[in-house]
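J.: Input: one structure, supplied below.
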Amino acid sequence: MQIITTKAELERSIQACKMKGQTIGLVPTMGALHEGHASLVRRCVSENDITVVSVFVNPTQFNNKEDLAKYPRSLERDAALLESIGAQFVFAPAPEEMYTAQEMDEPFQFDFNGLDKVMEGKMRPGHFNGVVQVVSRLFYLVQPDRGYFGEKDFQQLAIIHFMVERSALAGTFGNLQIIGCPIVREQSGLALSSRNERLSADEKQTALAISRTLFASLDWAKQPNANVLEVQQRVVDTINAVPGLEVEYYEIVDQSTLMPTDTFNHAIGCVTVYCGPVRLIDNIMYS
Ligand code: PAF
């Protein structure tokens, strides 16, 4: 496995693979890899000749400098894991390699047809613009056949689908296929996240109420005359009743439009909860 830090070297390596007719899969990450990432990389390795994993804590998707500074970084450990899974290339550039000063301060503004204005996007203005800024750049550099993303960040996945479908019309990314992979959970139910590393043992116990409540809501949704708004409110109240947890939002929305829905068909519930100082996200699909 090769660790690459410059765009020029990445493009040379990719060109060599393309010349041999090899298929390429890309798994974009911000490092601090856990079993959730590993599952994406395993799938990528099994479906492509070449697996490229980017490890880049993207400054333009953080709206909070403290959050950016605190984001866990562990390239050596990440590289060892990726090598053991069978990735061929790790792309780990410095921010200056990815962006000019102007791109960093005044990023190009994408239009996501409102998908970025709800839930996570409403709470973190500019976040998805930063995500797509880096992901589209990675797609240009790697020209992958397939890109792998976790369903835990469901809104991110929906926005990346939208961006790729829209650019497919313009032929920008060829036949790039976006592949969403299921959330990986601890046996306790807690969704794996790099942020879990910041939870104390007690907070981790407390956080279990999040997935427990989401799973319970599947049963609530099956009750005769179950009502979306009532289930939504019951999830919020149940989680907020746990000392140490505070719901930022819970919204049951249509899986394609991300707009509020009055039916559980094709619906997903997306939650963000503060567990002490740590902001955790999770979701549950109702059908
Ligand atoms: O999901 C993430 O880790 C990041 O948002 C991504 C897709 C790697 C872009 O920085």
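J.: Where does helix 154-169 land angle-wise versus the long Cα axis of the chain, in degrees 0 to 90, nearest 10?
T.: The angle comes out at about 50 degrees.
J.: Please list the three semi-axes, largest first and in whole Å, of the ellipsoid equivalent to the range 54-110, using sqrt of 5 times the eigenvalues of its alpha carbon gyration tensor. Walk me through the intermediate numbers first.
T.: Working: eigenvalues 131, 41, 15 Å².
The equivalent ellipsoid of the range 54-110 has semi-axes of 26, 14, 9 Å.
J.: Also, quick follow-up: Which of THR5, ALA87, GLY114 sits closest to the plus end of the dipole of the chain, meaning its Cα is farthest towards the positive end, when Lys and Arg get +1 and Asp and Glu get -1 on the C-beta?
T.: ALA87
J.: Something else now. Using only alpha carbons, build the gyration tensor for the range 65-221 and give me the equivalent ellipsoid semi-axes, biggest first, whole Å.
T.: Numbers: eigenvalues 160, 91, 67 Å².
That gives 28, 21, 18 Å for the three semi-axes.
J.: Is the shape of the range 6-145 rounded, prolate or oblate, going by the alpha carbon gyration tensor and its root eigenvalues a ≥ b ≥ c, with a/c under 1.5 for rounded and a/b larger than b/c for prolate?
T.: On the way: a/c = 1.71, a/b = 1.49, b/c = 1.15.
Because a/c hits 1.5 or more and a/b exceeds b/c, the range 6-145 counts as prolate.
J.: Another one. Between rounded, prolate and oblate, where does the chain land on the alpha carbon gyration tensor, with a ≥ b ≥ c its root eigenvalues, rounded for a/c under 1.5, else prolate if a/b exceeds b/c?
T.: Prolate.
J.: Charges at C-beta only: +1 for Lys and Arg, -1 for Asp and Glu. How large is the resulting dipole of the chain about its Cα centre, in Debye rounded to 20? Mind dumping the intermediate values first?
T.: Numbers: 25 positive and 35 negative charges, 89 e Å.
So the magnitude is around 420 debye.
J.: Further, regarding this structure: Net charge near PRO260, counting Lys/Arg +1 and Asp/Glu -1 over other residues with Cβ under 9 Å of its Cβ?
T.: Spelling it out: positives minus negatives among the neighbours equals -3.
J.: Against the longest principal axis of the chain, how steep is helix 75-85, in degrees 0 to 90 to the nearest 10, with axes from Cα atoms?
T.: Tilt relative to the chain: about 90 degrees.
J.: Need the full-extension length gain, LYS70 to LYS117, defined as separation in residues times 0.36 nm minus the C-alpha distance. One decimal, nm.
T.: On the way: separation 47, 0.36 × 47 = 16.92 nm, distance 2.57 nm.
Computed gain between LYS70 and LYS117 is 14.4 nm.
J.: For the range 210-287, max minus min Cα coordinate along each principal axis, in Å, sorted largest first?
T.: Between the extreme Cα coordinates on each principal axis of the range 210-287 lie 34, 25, 16 Å.
J.: Suppose every K and R has +1 on its Cβ and every D and E has -1 on its Cβ; what is the size of the dipole of the range 194-280 about the Cα centre, in Debye to the nearest 20?
T.: Values: 7 positive and 11 negative charges, 49 e Å.
Dipole of the range 194-280, to the nearest 20 debye: 240 debye.
J.: At 1.4 Å probe size, put LEU229, LEU245 in order of accessible surface, largest to smallest.
T.: Numbers: LEU229 120, LEU245 10 Å².
My answer, sorted largest first, is LEU229, LEU245.
J.: Considering only protein heavy atoms and a 1.4 Å probe, what is the carbon-and-sulfur percentage of the accessible area of the chain?
T.: On the way: 6920 of 13600 Å².
The value for the chain is 51 percent carbon and sulfur by accessible area.
J.: Still on this structure, please answer the following. Would you tell me the accessible area of PHE154, worked out with a 1.4 angstrom probe on the heavy atoms of the protein chains, in Å² to the nearest 10?
T.: We get 20 Å² for PHE154.
J.: For a quick size check, give me the Cα extents of the range 143-287 along its three principal axes, largest first, whole Å.
T.: Between the extreme Cα coordinates on each principal axis of the range 143-287 lie 51, 40, 24 Å.
J.: With a 1.4 Å probe and all protein chains kept in place, how much accessible area does HIS34 have, in Å² rounded to the nearest 10?
T.: For HIS34, the solvent-accessible surface is approximately 40 Å².
J.: Would you mind working out the magnitude of the charge dipole of the range 87-235 relative to its Cα centre, with +1 at each Lys and Arg C-beta and -1 at each Asp and Glu C-beta, to the nearest 20 Debye? Intermediate values should be presented prior to the final figure.
T.: Numbers: 14 positive and 18 negative charges, 110 e Å.
The dipole magnitude comes to about 520 debye.
J.: Testing the spin-label approximation: label points 7 Å from Cα along Cα→Cβ at THR100 and GLU230. State their distance in nm.
T.: Output for this residue pair reads 5.8 nm.
J.: Using a Förster distance of 41 angstrom, determine the FRET efficiency expected from the C-beta separation of GLN2 and GLN177, and round it to 0.05. Numbers along the way, then the final one.
T.: Working: r = 24 Å, r/R0 = 0.60.
Rounded to the nearest 0.05, the efficiency is 0.95.
J.: Shifting gears a bit: Could you tell me the distance between the Cα centroids of the range 100-147 and the range 54-77, to the nearest Å?
T.: Going from one Cα centre to the other spans 15 Å.
J.: For the range 82-174, state what percent of all Cα-Cα pairs lands in each successive 10 Å bin, counting from 0 Å until the bin that includes the largest distance.
T.: 13, 42, 37, 8, 0
J.: Over the range 150-287, give the accessible area per residue in Å² for a 1.4 Å probe, as an integer. All intermediate terms of the calculation are to be shown ahead of the outcome.
T.: On the way: 6670 Å² over 138 residues.
Ligands and nucleic acids excluded, the figure is 48 Å² per residue.
J.: Something else about it: How far is helix 35-47 tilted, in degrees, relative to the longest principal axis of the Cα atoms in the chain, given as a value from 0 to 90 rounded to the nearest 10?
T.: 50 degrees
J.: May I pose another question? Using +1 at the C-beta of Lys and Arg and -1 at the C-beta of Asp and Glu, which of SER39, TYR99, PHE56 has the Cα lying farthest in the positive direction of the dipole of the chain?
T.: Checking the options against the dipole of the chain, the answer is SER39.
J.: Also, I was wondering about something else. From the square roots a ≥ b ≥ c of the eigenvalues of the alpha-carbon gyration tensor of the range 1-82, which class results: rounded (a/c under 1.5), prolate (a/b over b/c), or oblate?
T.: prolate
J.: Picking from GLY171, GLY189, GLY126, which is most flexible by a Gaussian network model of the chain using Cα springs under 10 Å?
T.: Result for the chain, Cα springs under 10 Å: GLY171 fluctuates most.
J.: 222 nm [θ] for the chain, helices only, -39500 (n - 2.57) per DSSP H run of 4+, per residue, to 500?
T.: On the way: 11 runs with 124 residues, N = 287.
Taking each H run of at least 4 residues, the total per residue is -13000 deg cm²/dmol.
J.: Exactly which chymotrypsin sites (Phe, Trp or Tyr not before Pro) in the range 79-128 are in a DSSP loop and have at most 11 other Cβ atoms within 10 Å? Present the calculation step by step, with values, prior to reporting the outcome.
T.: Details: sites: PHE89, PHE91, TYR99, PHE108, PHE110, PHE112, PHE128; in loops: TYR99, PHE108, PHE110, PHE112.
Of the chymotrypsin sites (Phe, Trp or Tyr not before Pro), the ones in loops of the range 79-128 whose Cβ has at most 11 other Cβ atoms within 10 Å are PHE108.
The values are calculated or read from the model by the stated rules, or taken from the named source; none is laboratory data. Note that the coordinates shown come from a computational prediction; the quantities given were computed from them, not determined experimentally. Cβ: placed from backbone, ideal geometry, glycine included. Neighbour counts: every protein chain shown. Ligands, DNA and RNA are excluded from the accessible area calculation, which covers all protein heavy atoms including side chains. Shrake-Rupley method; radii C 1.70, N 1.55, O 1.52, S 1.80 Å.
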